[in-house]
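Worksheet for the structure shown next.
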Amino acid sequence: MDNFLLKLVHKGKPHILEIRTWYQQYKAVYKVVVEGQEITFEQDEEGNLRALGAAPVYGTTPHTIDTGLLQQIAAGIEAHEAGKEDA
C-alpha cells in the first residue's frame, strides 16, 4: 500500500491527514479519517474522486464535513497521484 501524509490548510485550520491507499481489483481507493469519520475517496464514472462515509458526509446534519475540505483532500490525492506518474 502507498500511504502518504497530506498537509493542507482549510479556513485557517491546518490539517495533517494520513491517506491510506487500498487496491481493489482494478482501482485504488483512498481512506482517511476526517473529523473523526473514516472517509473513502474513490473514482466515480467520470474519473473524479468522490467522498463516501458511513454517515452523511456533507450537507447540514451535525456530523457533516465541510464540502470545501473534502474537495481540497480530493485535489491533494489527485496531485499526489499525478506526481507519482511523473516520477
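The values are calculated or read from the model by the stated rules, or taken from the named source; none is laboratory data. Bear in mind that the values here come from a model prediction, so they are computed numbers and not experimental data. In this analysis, Cβ positions are derived from the backbone assuming ideal geometry, glycine residues included, and neighbour counts consider all displayed protein chains.
Structure data summary
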{"item": "Filtered residues of the range 29-49 (kept if in a strand (DSSP E or B) and in contact (Cβ under 8 Å) with a residue 24 or more places away in the chain)", "result": "30, 32, 34, 37, 39, 41, 49"}
{"item": "Extreme residue, farthest from residue 2 (Cα to Cα), among residues of the range 35-49 that are at pLDDT 90 or above and under 12 Å from the mean Cα position of the chain (by Cα)", "result": "48"}
{"item": "Looking only at the range 50-87, and only at residues there that are charged (D, E, K, R) and either at pLDDT below 90 or assigned to a loop (DSSP other than H, G, I, E, B) (or both), the one that is farthest from residue 21 (Cα to Cα)", "result": "66"}
{"item": "Within the range 17-28, considering residues that are at pLDDT below 95 and not polar (S, T, N, Q), the one farthest from residue 78 (Cα to Cα)", "result": "26"}
